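Undergrad: Below: one structure in structure tokens.
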Amino acid sequence: MIANIQWENLFDPQLAAESFPFVLQGIGYTLLLSFLTMIIGLILGLITAVGRMSKKIWFRWPARAYISIIRGTPLLVQLFILYYGLPVVGIRLTAVSAAIIGLSLNVGGYAAETIRGAILSIPRGQWEAAQSMNMSYWQTMRRIIIPQSVRVALPPLANTFLSLVKDTALLSVITVPEMLYQAKIIGGRSFDYMTMFILVAAMYWVICTLLNVVQDYLEKRYGRFAA
């Protein structure tokens, strides 16, 4: 059966070359949404991580519930609820707004545990030294704990960002015009989805490869300060 497959029909270089500029139009949404939601997600993650470690029940339990919900449900379902489900209760979001909220909340839930683990990895003596200098809890976090936690949290957070970039492909199901959405439109017109999907896969691979180079550079830079 494999021998009968017409391999020359698997990928059409001419169609890929002609379609590339149109698919490339979606890369702006892919990168913009990735960077924007990563920043928002990191802020949410930091707040949630602090709440997760808080001794105050009113702060700790909502943080735990948020992490549990985000990590226990698929991202695609979360996007469907935001874009297709909320209109049922009178809340209508644009596709881009739903994408930003959904991806940010998802990143925040996963980043929270990464950040919490990085903070807990700092020796207790660092906290005690800060207390001996009459630093408040937030001063200790801002000046001592968080700067040191960055080095520990950087590799897993970089991996989270790479996953986020690839997860933007899911946004095509809520009509965000990112790369996969553009490819699906062209594939429908040309009746050659395989070529378009291979093209999009190659573009995502190039983006993630370049981001890996940046990740390696940052890890080496912060690694210089490791004991």
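Undergrad: How tilted is helix 146-167 with respect to the longest principal axis of the chain? Cα atoms for both, answer in degrees (0 to 90, nearest 10).
TA: 20 degrees
Undergrad: Provide Rg and Dmax in Å for the chain, with only Cα atoms included in the calculation.
TA: 21.7, 77
Undergrad: May I ask for the longest run of the chain untouched by trypsin sites (Lys or Arg not before Pro) that are loop-located per DSSP and have at most 15 neighbouring C-beta atoms (other than their own) within 10 Å?
TA: Working: sites that count: Lys55, Lys56, Arg92, Arg224.
Between the exposed loop sites, the longest stretch runs 93-223.
Undergrad: Can you work out ³J(HN,Hα) from phi for every residue in segment 18-30, in order, using Karplus 6.51 cos²θ - 1.76 cosθ + 1.60 and θ = phi - 60°, giving whole Hz and x for Gly and Pro?
TA: 5, 8, 3, x, 6, 5, 4, 4, x, 5, x, 5, 4
Undergrad: May I pose another question? Return the calculated 222 nm mean residue ellipticity for the chain, to the nearest 500 deg cm²/dmol, obtained by summing -39500 (n - 2.57) across DSSP H runs with n ≥ 4 and dividing by the residue count. Before the final figure, lay out the partial values.
TA: Values: 10 runs with 165 residues, N = 227.
Rounded to the nearest 500, it is -24000 deg cm²/dmol.
Undergrad: Separate question: Considering the options Ile144, Phe80, Thr114, tell which one lies farthest towards the positive end of the dipole of the chain, charges being +1 on Lys and Arg and -1 on Asp and Glu at the Cβ, about the Cα centre.
TA: Of the listed residues, the answer is Ile144.
Undergrad: Using Cα atoms only, what is the angle between the long axis of helix 193-223 and the major principal axis of the chain, expressed in degrees (0 to 90) to the nearest 10?
TA: Between helix and principal axis, roughly 20 degrees.
Undergrad: Another question, then. What is the dipole size for segment 13-223, taken about its Cα centre, with +1 at each Lys and Arg Cβ and -1 at each Asp and Glu Cβ, in debye to the nearest 20? Before the final figure, lay out each step's value.
TA: Values: 17 positive and 8 negative charges, 194 e Å.
Using only the charged Cβ atoms, the result is roughly 940 debye.
Undergrad: To the nearest Å, what is the center-to-center distance of segment 117-148 and segment 182-211, using C-alpha atoms only?
TA: 47 Å
Undergrad: So, one more: Take the Cα coordinates of segment 46-180, assign each an equal point scatterer, and use the Debye formula without solvent to give log10 I(q)/I(0) at q = 0.16, 0.17, 0.19, 0.21 Å⁻¹.
TA: Calculated log10 I(q)/I(0) at the listed q: -0.88, -0.95, -1.08, -1.21.
No lab work stands behind these numbers, since they all come straight from the coordinates. Because the structure is predicted, anything quoted here is derived from the model rather than measured. Positions of Cβ are backbone-derived with ideal geometry, glycine not excepted, and every protein chain shown enters the neighbour counts.
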